[in-house]
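Let me begin by presenting the structure, written as structure tokens, before commenting on it.
Nothing in this text is a laboratory measurement; each read-out follows from the coordinates by a stated rule. These numbers come from a predicted model, not from an experiment. Heads up, the Cβs are rebuilt from the backbone with ideal geometry, glycines too, and the neighbour counts pull from every protein chain shown.
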Amino acid sequence: MSSPIYTFAHIFGGTTVLDNPDELHTYACQMINYAEQLEMNTSAMQQTHSYIHQRSMTIATCAAHSGASHPSSAHCANLCTVLAQHVQSALSVIAQLRHIADCMMRSYNLYSQTEAQTSRIISALTMAAAYHYPVPTAFALGAWSTIREMTSPHASLIGALTNSRSAQEDYLSGVSRIFSPCEGIPGVADALAHPVSPLSSTHTSYAMNIKAVSVSAPLPAAHNLHDTIVNLEKLSIGQPGNSYGTVAIQRYTHTDGSHSWIVTIPGTDGKKDSPFGWSQNLSLMSSREQTREQAHSLLAVRTAMHRAGIKAGEPVALVGHSQGGIVAAALASDAQQPYTIAHVVTAGSPIAHHPIATKTTWVTSIETDREIVSHLDGRSNPKHPHWLTVRGVISDSASGLANNATAPNPAPAHSTFPSPTPVAHAAEKHELTHGMNYHRATLEDAQKLHNENLNEHDQHIRTLTEGTMDKNMYFRCRISSN
């Protein structure tokens, strides 16, 4: 029996991460201020100790002259001893605070001058090499990935092609500049969208058929972030009575009579009569809103939302896998669309270039480091309090990331971090980790971290879905020739 595959989740974005290394300097300064305040309080304690000690000596002298002991003398002596101990403890804490602040300052300097610069240099060199020497750079990255892959008991050709996420993003970004110097990957996608897709240039020869259908195993109500991913997985694999190209829409009625909605969108299926075809991905990733609006999958979802009865002002959460997530991001990026997109949840979707208004729309992106698809945008997702990226690092070991070369921050052997999450139904050899089983395991592992930002995103979904689900609709989307 082969050993299982595990995923370790890392969370990027939110409000508690150090997106800017200058924050480390700020926290160090705050710690110094705390040390100074504590030092002032300690000084007051020392003065009190000195005063009590003097009073104790006075009482003792008076008692000696009178020839009788005074109980206050012993009490003052004990109080002086306790105060002296507290003073010493406070001085020790002050010293530790100053030491930690000094270490933070040194870390800040080291990080800002070394880590950030090194990352930028490596990224810039990779993009420059890809731009000037695309073929040799591809061979070099391939050789490097192959050498890394050979050390794994789950080694495979797919694994060699997928084990270097950041290098892949930089390479794709660099190559795209050859064809679109100003816009990069979105510009290339826009240029390719029309000639590649026979359906993109015109809609006059084809008709969109959106039909409400019944399914034998409806999706249950979703009450949190995990539920939305579980339902997306069920929709993606096709449950009994539910065929490809089907969009699920659920309405939730709150105690005050208001409504909110969850729209669950499947990924690319490649079927000839489906609006979720391969070529639609290019349209959806285009730099031009007009091109994105012409994607058949986006038109299908928008039509289904209209047929379901979603009204302007009613909060909507869009949940999508792969192309379904790009559709969700494209809809949320359209400032003219009539719907109130409150939350976007994506699994394995390249949406970093989409101009989502994060002031009003929350985004929870779930990715894995070996799936390629989510890296096709050529850069990492924006980091924002309302845009959180949960990235799963695939590992062969359950003991930690100490021996995993793909981990951004390997865990030490004595780490108290939660154990990793095994991926259900994973192949014996490394494979594309684009399946929903990998994304679900990544989210489950992230929830073990009890991350404040992830909890906020989960609570936002809970708020949208509180109340009763009173509508559970399904729309089968097809394209037919006129």
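Within the same chain, lysines fewer than 8 places from Lys448 are excluded, and of the rest, those with a Cα less than 27 Å from its Cα are Lys234, Lys383, Lys429.
3J(HN,Hα) along region 176-187: 4, 5, 5, 9, 9, x, 8, 9, x, 4, x, x Hz, from the Karplus curve 6.51 cos²θ - 1.76 cosθ + 1.60 with θ = phi - 60°, whole Hz, x for Gly and Pro. Fewest-first ordering of Tyr34, Tyr474 by other beta carbons within 10 Å of each residue's beta carbon gives Tyr34, Tyr474. Peptide packing: for 258-267, 157-166, 38-47, 462-471, the average count of neighbouring Cβ atoms within 10 Å per residue gives the ranking 258-267, 157-166, 462-471, 38-47, highest mean first. Binning all Cα-Cα separations of region 212-280 at 5 Å, short to long from zero, yields these whole-percent fractions: 3, 16, 24, 22, 17, 11, 5, 2, 1.
Remark on Thr421: its backbone amide H falls under 5 Å from those of Thr7, a criterion applied only to residues 5 or more positions apart or on other chains, H modelled at 1.01 Å from N. Here region 269-302 and region 413-482 have alpha carbon centers that stand 24 Å from each other.
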